[in-house]
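The values are calculated or read from the model by the stated rules, or taken from the named source; none is laboratory data. Note that this is a predicted model, so its numbers are computed, not measured. Cβ coordinates were reconstructed from backbone atoms using ideal geometry, including for glycine residues, and neighbour counts include every protein chain displayed.
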Amino acid sequence: MSGMANTASTTVPAAGRTRSCRRGSDEPLRVEVIDSIDYLAAWDAQRAHAQARRDGTGPDVLMLLQHPSVYTAGKRTRPEDRPIDGSPVIDVDRGGRITWHGPGQLVGYPIVALAEPLDVVDYVRRLEEALIAVCAGLGVTAAGRIEGRSGVWLPAGATRPERKLAAIGVRVQGGVTMHGFALNCDPDLREFDRIVPCGISDAGVSSLTAELGRRITVPEVRTVAAEAVAAALDGTLPVREHAVPEQGAPAGLDLHLR
């Protein structure tokens, strides 16, 4: 596939699952690790995996990767959210608004068949739970949720606004998920200055590196992220509150159904 380099594949067992799980299969979650891949090539790969999953010919897959620098806009993106310098944007079929992807950011695309009855908000909450667990394990223990906003956040401080560590935007079609999350490990945060990230103008963006004061690389985070996502989607990682004191107005959940 064009744009893809150094792909590796592993599986994470579905052990100790309960009836409340969000993933419908008892088969292991297959994890595909890609060092770097063009956004459009990854989108093609997602669609191929999703079609195979709907057809019953492919497994649940978690793609973990990085993209070359790119802006992508979800269904709810407003004109004023787009880059102020006219930088190109790829319009995509996920929920949410505009965001940036690039080096230093761990992007995860779970392509999984959800259990019936579908509960997409719960699915988003499970992705958040996985990422909150990853952040806490690395030492960012204040990471949590803001009511009405998807993603993983840090509370405002005396001189700092609420800060987003991870963005989530998903699509569910035929019971199968696409798109997913982006966790800021060690990206160039200046790339977010050209846009209104996720359409939220009253908050900031941060990274694990910025919060911890030491470099946190994507390879350092990949394995724990894969394990946490698998546990969350299999129902073995319970969803908790993790409420962050709210300063701004809610901006809505980043999901798209069809």
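Please determine, by comparing only the residues of region 79-100 that are out of contact with any His (no Cβ under 9 Å at 6 or more places or on another chain) and assigned to a loop (DSSP other than H, G, I, E, B), which one is nearest to ILE111 (Cα to Cα). Steps first, please.
Keep residues of region 79-100 that are out of contact with any His (no Cβ under 9 Å at 6 or more places or on another chain), which gives 79-91, 97-100.
Okay, now just the ones that are also assigned to a loop (DSSP other than H, G, I, E, B), so 82-88, 97.
Details: ARG82: 27, PRO83: 29, ILE84: 33, ASP85: 34, GLY86: 32, SER87: 29, PRO88: 27, ARG97: 20 Å.
Filtering first and then ranking leaves ARG97.
When region 223-240 is examined, which residues are found to be modelled with pLDDT of 95 or more and surrounded by fewer than 19 Cβ atoms within 10 Å (Cβ to Cβ)?
Those that are modelled with pLDDT of 95 or more and surrounded by fewer than 19 Cβ atoms within 10 Å (Cβ to Cβ): THR223, VAL224, GLU227.
Condition first: basic (Lys, Arg) and out of contact with any Asp or Glu (no Cβ under 8 Å at 6 or more places or on another chain). Can you find one or more residues in region 97-108 that meet it? Outline the logic, then answer.
From region 97-108, those basic (Lys, Arg) are 97; that's our starting set.
Checking the rest, the ones that are also out of contact with any Asp or Glu (no Cβ under 8 Å at 6 or more places or on another chain) come to none.
The answer is no; no qualifying residue exists.
Considering only region 143-153, how many residues are over 18 Å from TRP100 (Cβ atoms) and assigned to a strand (DSSP E or B)? Write out each step before concluding.
Let us first name the residues in region 143-153 that are over 18 Å from TRP100 (Cβ atoms), namely 143-148.
Going one step further and asking which of them are assigned to a strand (DSSP E or B), we end up with 144-146.
Looking only at that region, the number is 3.
Scan region 50-66 and give yes if some residue there is closer than 28 Å to PRO219 by Cα, acidic (Asp, Glu) and under 14 Å from the mean Cα position of the chain (by Cα), otherwise no.
Within region 50-66, not a single residue is closer than 28 Å to PRO219 by Cα, acidic (Asp, Glu) and under 14 Å from the mean Cα position of the chain (by Cα).
Would you be able to say whether some residue in region 15-28 is at pLDDT 85 or above, under 14 Å from ILE111 (Cα atoms) and assigned to a strand (DSSP E or B)?
yes
Return the only residue of VAL196, VAL218, VAL172 being among the hydrophobic types (A, V, I, L, M, F, W, C), within 21 Å of GLY104 (Cβ to Cβ) and modelled with pLDDT of 90 or more.
Matching residue, one of VAL196, VAL218, VAL172: VAL218.
Can you tell me which of (1) in contact with a strand residue (DSSP E or B) (Cβ under 6 Å, 6 or more places away or on another chain); (2) buried (at least 21 other Cβ atoms within 10 Å of the Cβ) is the one VAL134 doesn't meet?
Tallying (1) in contact with a strand residue (DSSP E or B) (Cβ under 6 Å, 6 or more places away or on another chain); (2) buried (at least 21 other Cβ atoms within 10 Å of the Cβ), VAL134 fails exactly one: (1).
Name the residues in region 146-161 that are surrounded by fewer than 22 Cβ atoms within 10 Å (Cβ to Cβ) and either touching a strand residue (DSSP E or B) at 6+ places or on another chain (Cβ under 6 Å) or of a type in the set (A, V, I, L, M, F, W, C) (or both), would you? Walk me through how you get there before you give the answer.
Taking region 146-161 and keeping what is surrounded by fewer than 22 Cβ atoms within 10 Å (Cβ to Cβ), we get 147-148, 155-161.
Passing the criteria: ALA156, ALA158, PRO161.
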